[in-house]
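Chemist: Would you mind keeping the following structure in view while I ask a few things?
The values are calculated or read from the model by the stated rules, or taken from the named source; none is laboratory data. The structure presented is a predicted model; accordingly, all values stated were derived computationally and were not measured. Don't worry about glycine lacking a Cβ; one is built from the backbone with ideal geometry, like all the others, and counts go over all protein chains shown. Only protein heavy atoms, including side chains, enter the accessible area calculation; ligands, DNA and RNA are left aside. Shrake-Rupley method; radii C 1.70, N 1.55, O 1.52, S 1.80 Å.
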Amino acid sequence: MSGQLLQGKTAIVTGAASGMGKATAKLFAAEGANVVLADLNKEAAVQVALELPDGRGHAVQVDVADDESVAALIQETVAVFGAPDVLVNCAGVPQAFTPIEELTLEQWDRIMSVNAKSLYLTARHAVPHMKAKARGSIINIASIAGIRARPGLNAYCASKGAAIMLSKALAIELAPYQIRVNVINPGPAETPMLGKFINGDEQEVEAGKKDIFISSVPLGMLIQPEDIAQAALYLASDLSKIVTGEVMNVDGGRGI
Ligand SMILES: NC(=O)c1ccc[n+]([C@@H]2O[C@H](COP(=O)([O-])OP(=O)(O)OC[C@H]3O[C@@H](n4cnc5c(N)ncnc54)[C@H](O)[C@@H]3O)[C@@H](O)[C@H]2O)c1
C-alpha cells in the first residue's frame, strides 16, 4: 500500500526507535503524516527520523511511564507539528518467562507501568487536543498474550489485558468526540523484543523462537513489524472511520 492516506496528519508513535514502532513511523510518513518518534532511546529515534522523508520526522525522548515526560512529549508535538490526530502507543517491555513467586515487585511495577499505565498517561495528555479538534485515532499495541495466556508471562499478560480493556473503555467514552480507540494484538513478531521473552543463552533463544513461537502460529511464520504497521495505517486513516473499540489480532491465527 502506498499513497497519501495520512496527508497533513500529525501522528505520535511511541516506541518508534525499534521494531513495530519504527515500521509504523516509516509507513505513516510515507503516507504523508508528520510523525513524532517518541522513545526512551533518543539516539535510535533520531536515526529513524533521518530515514523519513524530509522534515516529516521529529524525535523526542520520552519515558511513557512518567507523567511529566509524557506531558512534555505532547507539548513538544503541538509546538512542532500541531495537535495530534493519531497516537500509536507501541512502546512496551517484555517479560522473560518467570514463575510468579520469583517475579519481583519491581519487575511487576515496571511491566505494568510501561505497558498499561502509559496508555492512561498518553491519553490524559493527548485527548484534550483531540477533543478540541473533534477527531482522533488512538491505536494501542497490546498483544495476543492479552487474551491468550502463556505460563510464566504473568505480568506481561496482565499488562496487555489491561491495555485491551482500557482501550475499550476509552472507545466508548470518547466516541461522542469522534475520537476512535482501537487495539492491535500482534502475535510473536520478528523484532529485537522476541528473544527477550526467553530465559537462556543465544542458542536457547534461537531454539525457543522456532520451537515456542513459530510453532504456535497456525500460518507458520513470525509476524513482521510491517504487518503491524499496515494494520495501524488502516486504523489511523479514514478507511476505518466507523471502527472503534475493535481488537484486531495480527497474529497468523495464534489467537484462534
Ligand atoms: N515482538 C513481539 O513478539 C510482540 C508480540 C506482541 C506484542 N508486542 C508488543 O508490541 C510493541 C512493540 O514491540 P516490539 O517488538 O516492536 O519491541 P522493540 O523492543 O523492538 O521496541 C520497543 C521500543 O519501545 C521502547 N521503550 C521501552 N520502554 C519505553 C519507555 N518506558 N518509554 C518509551 N519508550 C520505551 C524501546 O526503547 C524500543 O525502542 C510492544 O508493546 C510489545 O509489548 C510485541
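Chemist: For the chain, what is the mean residue ellipticity at 222 nm derived from helices alone (per DSSP H run of n ≥ 4: -39500 (n - 2.57); sum divided by total residues; nearest 500 deg cm²/dmol)?
Modeler: Details: 8 runs with 101 residues, N = 256.
Value at 222 nm, helices only: -12500 deg cm²/dmol.
Chemist: With everything on Cα atoms, drop me the angle between helix 67-81 and the longest principal axis of the chain, reported from 0 to 90° to the nearest 10.
Modeler: Tilt of helix 67-81: around 40 degrees.
Chemist: State, to one decimal in nm, how far the label point of Asp54 lies from the label point of Ser69, with both points 7 Å from Cα in the Cβ direction.
Modeler: Label at Asp54, label at Ser69, 3.4 nm between them.
Chemist: Also, I was wondering about something else. Students often get this wrong, so check it: of Lys9/Lys131; Lys117/Lys210; Lys9/Lys133; Lys133/Lys168, which have C-alpha atoms separated by over 23 Å?
Modeler: Values: Lys9/Lys131 15 Å; Lys117/Lys210 32 Å; Lys9/Lys133 12 Å; Lys133/Lys168 21 Å.
With Cα atoms farther than 23 Å apart: Lys117/Lys210.
Chemist: Let me ask you something else. Could you give the nm distance between label points at Glu106 and Lys241, where each point is 7 Å from its Cα heading toward the beta carbon?
Modeler: 5.1
Chemist: Pull out the extension gain between Arg148 and Glu202, defined as 0.36 nm times the separation in residues minus the alpha carbon to alpha carbon distance; nm, one decimal.
Modeler: Numbers: separation 54, 0.36 × 54 = 19.44 nm, distance 2.64 nm.
Gain in length upon complete extension: 16.8 nm.
Chemist: Peptides 191-204, 235-248: what's the order by average Cβ count within 10 Å, highest mean first? Before the final figure, lay out each step's value.
Modeler: Details: 191-204: 14.3, 235-248: 16.8.
Answer by packing, highest mean first, reads 235-248, 191-204.
Chemist: So for the stretch 120-208, Kirkwood radius off the Cα pairs, Stokes-Einstein at 37 °C and 0.692 mPa s: how many µm² s⁻¹?
Modeler: 222
Chemist: Related question: What whole-number value in Å² describes the accessible area per residue of the chain for a 1.4 Å probe?
Modeler: Details: 11490 Å² over 256 residues.
Per residue, the chain has 45 Å² of solvent-accessible surface.
Chemist: Considering Cα pairs under 8 angstrom that are at least six residues apart, work out the relative contact order of the chain and quote it in whole percent. Show your work: numbers first, answer last.
Modeler: Working: 532 pairs, mean separation 50.2, N = 256.
The normalised contact order for the chain reaches 20 percent.
Chemist: Compute the FRET efficiency between Tyr177 and Ser216 as 1/(1 + (r/R0)^6), taking r as their Cβ-Cβ distance and R0 = 45 Å, and round to the nearest 0.05.
Modeler: Working: r = 39 Å, r/R0 = 0.86.
The calculated FRET efficiency here is 0.70.
Chemist: Take every Cα pair under 8 Å in the stretch 1-113 that's 6+ residues apart, average their separations, divide by the length, and report that relative contact order as a whole percent. Please list the in-between numbers first.
Modeler: Values: 194 pairs, mean separation 30.7, N = 113.
Worked out over the stretch 1-113, it gives 27 percent.
Chemist: Among residues other than Val13 whose Cβ falls under 15 Å from its Cβ, what is the net charge (Lys/Arg +1, Asp/Glu -1)? Please report the intermediate quantities before stating the final value.
Modeler: On the way: positive: Lys9, Lys22, Lys26, Lys42, Arg56; negative: Glu31, Asp39, Glu51, Glu76, Asp85, Glu226.
Here the charged neighbours net out to -1.
Chemist: Taking the Cα-to-Cβ direction at Ala169 and at Ala96 and moving 7 Å from each Cα, how far apart do the two end points lie in nm?
Modeler: Going by the 7 Å Cα→Cβ label model, 3.3 nm.
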